[in-house]
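Everything below concerns the one structure shown next.
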Number of protein chains: 2
Amino acid sequence: MRLSRYFLPVLKETPGDAQVVSHQLMLRAGMIRQTAAGIYAWLPMGLRVLRKIENIVREEQDRAGAIEVLMPTIQSAELWKQSGRYEAYGPEMLRIIDRHDREMLFSPTAEELFTVIFQNGTKSYRELPRNLYQIQWKFRDEVRPRFGVLRGREFLMKDAYSFDLDFAGARHSYNRMFIAYMRTFARMGLHAIPMRADTGPIGGDLSHEFIVLAPTGESDVFYHRNWEQGHDTSAIDADDAGALERFIDGLNADYAATDEKRDPAAEAETGDALKQSKGIEVGQVFYFGDKYTRAMGVSVQGPDGVAVAPLMGSYGIGVSRLMGAIIEASHDEAGIIWPDAVAPYKVALINLRVDDEACAAAADGLYAQLTAAGVEVLYDDRDERGGAKFATADLIGLPWQLVVGPKGIKAGVVELKRRGGEREEVSIEAATARLSA
Amino acid sequence: MRLSRYFLPVLKETPGDAQVVSHQLMLRAGMIRQTAAGIYAWLPMGLRVLRKIENIVREEQDRAGAIEVLMPTIQSAELWKQSGRYEAYGPEMLRIIDRHDREMLFSPTAEELFTVIFQNGTKSYRELPRNLYQIQWKFRDEVRPRFGVLRGREFLMKDAYSFDLDFAGARHSYNRMFIAYMRTFARMGLHAIPMRADTGPIGGDLSHEFIVLAPTGESDVFYHRNWEQGHDTSAIDADDAGALERFIDGLNADYAATDEKRDPAAEAETGDALKQSKGIEVGQVFYFGDKYTRAMGVSVQGPDGVAVAPLMGSYGIGVSRLMGAIIEASHDEAGIIWPDAVAPYKVALINLRVDDEACAAAADGLYAQLTAAGVEVLYDDRDERGGAKFATADLIGLPWQLVVGPKGIKAGVVELKRRGGEREEVSIEAATARLSA
């Protein structure tokens, strides 16, 4: 993409109302604009990152055997009355009356609707296990939305719902999502720690929150220092229920809990290894048995012909929130430092002198060649000073900067720099080869 | 995808409340389920087609130089009061009061918000032309939602907004979208006729609706019979404003108008060539000058330093509605016939005897080989009778059926059939080669 034709409204000043660094940088880097309290428009650069995060989430859900569907944002209140949550959910639910005076709502989560859709297409235990997910906008009418996309009102969420015949199956479905979450966050360069957590308005008796440690986090968290290392999940076969369970039990032997789930005995045992920090919740998994299937009157025919209410879990990831968490974890004084997997473009190609024919020809050539090789390039072809171009490139945080200047071009070289690293003079050919690899 | 692990709840009976064939087939083929009046859940098969349609729309918008952004669904009423549309829009707008008693709404279109976002990132005429688009869920509280996704309340729409300095530029932006629309619909196998149309609540003085002819359409349309042939747009250079204008003027020399825009003089001139039909609107383009930029106080610095209100157009495509229109245009007694470009999978691989080892081995092998070659295969590995499998394959309408049976496998052959065409016996190698091509 040529920057001269793009829509990238960067800001020089840090907006006064943005308290945390991710919010500041997303505004400054022209990724989002607030359109109402806790509600954001996604500008082209922000949307590209959002889609990359979304695709990683999707790939790991698919890999875990979940099947993608899409529910409407606006739901009838009827279903929620059936489960008893219409009254229980409180003022965070955005309630709506339509033109025919029917009670509707903007979905804050979707246990009820998934349960009904599941029933509509499932008659027998033979069709279990089943795990359906969606990536869809949700709305929660937070009393004090803040910190940009970290606590917005309209946000993009992945929510999955598993249905199993018995507890062993449901536990395996839970574990599958557990490991899928570890893989999902790791692919984005995040170290997320699963912590015993409260179940809140979803209900149930088993839940983990996946927490990214950050001083700006809203949650107080407590954990064994072993959690500060990452865990390699690549060798785990998620189809092997026993091995998966042992791996996860092994992980969970090290204490980790949110504020609401602290356990004094376990903390005493952890002793000096106990650490305290702030964290950002990026995902949560729940097991709640037949809470919703019973309430909604949902059943399948069991092996002995008797109707059984399937056991459920639900599994959320805050897709738009993840962008804030990634920036909180990966930035410096000059701007964002995108992990490769979620960078909006791989390369910032900077032409320092658009009025110099040799520079323009070289930069145009590099742009054409890299683009043809499938490399995502943002080409700064604007008539601006070099200083402004470098500042923009640092701010938006693309992994590579490729700089074309008049002196270098005469010598047949360009400058290649990893964001945050050192500049290096290389031949045009070497630069192309390195970036296309 | 193995059908045994998929979620494809097909219906044998035609649901009584579905009046048009596309609605009936989308329900029967397990693509959608109604969750409230005019509101649908997208099941896996429906979602796949929706994403394919969406991607074609996106590619043609990108090719036309439009830049993708994403606006929130929930907007503040303030902006709409500024443009005067908050009262004018009427009961189709879903109005919402949030917990702090602020007036909000679910966006039915987004001229106001795009105008504000444009201003936020644009200061000078040098940054024009600019065209921003989104593909996002909209809500219009139709008094009588019907015909499934053809007239739903929550629907997926592509909406683009162009900003130009002068009329010549704005006209070129309009023409660019005009040709992009012709290309978009043609890629989906649709023959959509652009017709002079009323501007409705968007306003302005120039508008075309793109109409697919169908007996189930809600609009009465009138056109010169020349429009019944398609038009080749492949050679048009959309960057050449003059050539593009001449091409479109040439097209529009043949009369075509919706009911509200009939022109008795032009119809008299068309004479015997005048045809009347019903049609489904799949897109609409508008030019409305400075209606919104003036109302919202938006301007850029002009070439002479004086502030100018940019001239705008807006351009909608009913992405979810297109699925209904495609099915209306392409089905038979047995079910849907998907055009290749939007088919959810390319091949229905049918194993007629899952209990036969040779059949299972051959079908598994074909599935592995085709999938590895990047072919999208839906593999019917269920323990069902052949008749049921054929009926499902015809109903869901994948372009190819590849049938593995015990007799054929002994002879080293499988049956290959184009949906709606004849069966043909071919070797396994030939089948793989044909489908991978």
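The values are calculated or read from the model by the stated rules, or taken from the named source; none is laboratory data. It should be emphasised that the depicted structure is a prediction, and the values quoted were computed from it without experimental measurement. Methodologically, a virtual Cβ is constructed for each residue, glycine included, from the backbone with ideal geometry; neighbour enumeration extends over all protein chains shown. Areas reflect the complete protein model, heavy atoms only, side chains present, ligands, DNA and RNA absent. Shrake-Rupley method; radii C 1.70, N 1.55, O 1.52, S 1.80 Å.
Worth a mention:
- Beta bridges per DSSP with both ends in region B:373-437, % antiparallel, nearest 5: 100
- P(r) weight above 23 Å for region B:263-417, C-alpha pairs, percent: 62
- Accessible area per residue, Å², region A:3-335 with all protein chains present, probe 1.4 Å: 37
- Mean partner shielding of peptide B:152-163, defined as the number of other chain Cβ atoms within 10 Å of each residue Cβ, is 1.
- Lys, Arg +1 and Asp, Glu -1 on Cβ, resulting dipole of the protein assembly as shown about Cα centre, debye, nearest 20: 80
- Cα gyration tensor, region A:345-436 - rounded (a/c under 1.5), prolate or oblate: rounded
- Listed residues B:Ser83, B:Val377, B:Thr73: farthest to the positive end of the dipole of chain B (Cβ charges): B:Val377
- Note on the protein assembly as shown: Rg/Rh from Cα positions, Kirkwood definition for Rh, rounded to two decimals, is 0.96.
- What separates the A:Ala235 label point from its copies, with the point 7 Å along Cα to Cβ, is 6.4 nm, written shortest first.
- Relative pair counts by distance (%), Cα atoms of region B:377-430, 10 Å bins: 23, 56, 20
- When A and B come together, around 4400 square angstrom of accessible surface is lost from both chains combined, probe 1.4 Å.
- Rounded to the nearest 20 debye, the dipole size of region B:156-248 about its Cα centre is 240 debye, using +1 on the Cβ of Lys and Arg and -1 on the Cβ of Asp and Glu.
- Once the Cα atoms are used to define both axes, helix A:111-120 deviates from the longest principal axis of chain A by about 70 degrees.
- Cα gyration tensor, region A:2-161 - rounded (a/c under 1.5), prolate or oblate: oblate
- Each of A:Leu113, A:Pro406, A:Ile280 was scored by the projection of its Cα onto the charge dipole of chain A, and the greatest displacement toward the positive side belongs to A:Pro406; charges sit on the C-beta of Lys, Arg, Asp and Glu.
- Karplus-derived HN-Hα couplings along region B:174-182 (A = 6.51, B = -1.76, C = 1.60, θ = phi - 60°), whole Hz, x at Gly and Pro: 4, 5, 4, 5, 4, 6, 4, 5, 4
- For chain A, carbon and sulfur atoms together expose 47% of the accessible surface, with a 1.4 angstrom probe and every protein chain in place.
- Volume in Å³ per residue [convex hull over Cα atoms, computed for region A:250-309]: 174
- Only Cα pairs under 8 Å and 6+ residues apart enter the sum, and on that basis the relative contact order of chain B stands at 17 percent.
- Taking region A:345-436 and dividing mean pair separation by its residue count, relative contact order in percent (alpha carbons under 8 Å, at least six apart): 34
- Distance between region B:336-355 and region A:210-271 - C-alpha centres, whole angstrom: 44
- Lys/Arg +1, Asp/Glu -1 at C-beta; region A:303-437 dipole; positive extreme among A:Val426, A:Phe390, A:Val354: A:Val426
- Shielding by other protein chains, B:341-348, mean Cβ within 10 Å: 0
- Phi angles across region B:288-293 convert, under the Karplus curve 6.51 cos²θ - 1.76 cosθ + 1.60 with θ = phi - 60°, into 3J(HN,Hα) values of 9, x, 9, 3, 8, 4 Hz, Gly and Pro given as x.
- Accessible area expressed per residue, region A:376-437, with surrounding protein chains retained (probe 1.4 Å, Å²): 47
- In degrees, nearest ten, helix B:319-329 long axis to first principal axis of chain B (Cα): 50
- Of A:Thr35, A:Thr258, the order by accessible heavy-atom surface (1.4 Å probe, DNA, RNA and ligands excluded), from most exposed downward, is A:Thr35, A:Thr258.
- DSSP beta bridges in the protein assembly as shown [antiparallel fraction, %, rounded to 5]: 85
- Peptide A:31-44 has a mean of 6 when you count, residue by residue, the C-beta atoms of other protein chains within 10 Å of its C-beta.
- Gap separating the Cα centres of region B:60-92 and region A:1-71, nearest whole Å: 19
- Solvent-free Debye scattering, log10 I(q)/I(0), computed from the Cα coordinates of chain A at q = 0.07, 0.13 Å⁻¹: -0.41, -1.16
- Taken about its Cα centre, chain B carries a charge dipole of roughly 1020 debye when the Cβ of each Lys and Arg holds +1 and the Cβ of each Asp and Glu holds -1.
- Couplings for region A:156-168, taken from phi via the Karplus curve 6.51 cos²θ - 1.76 cosθ + 1.60 with θ = phi - 60°, read 8, 10, 9, 10, 10, 9, 9, 10, 9, 7, 9, 5, 4 Hz in order; Gly and Pro are left as x.
- In region A:46-74, the residues whose accessible area drops by at least 30 square angstrom when the other protein chains are added to the isolated chain are A:Leu47, A:Arg51, A:Ile67, A:Glu68, A:Val69, A:Leu70, A:Pro72, A:Thr73, A:Ile74; the probe is 1.4 Å and only protein heavy atoms count.
- Based on the Kirkwood approach, the hydrodynamic radius assigned to region B:119-219 is 16.0 Å, with every pair of different Cα atoms included.
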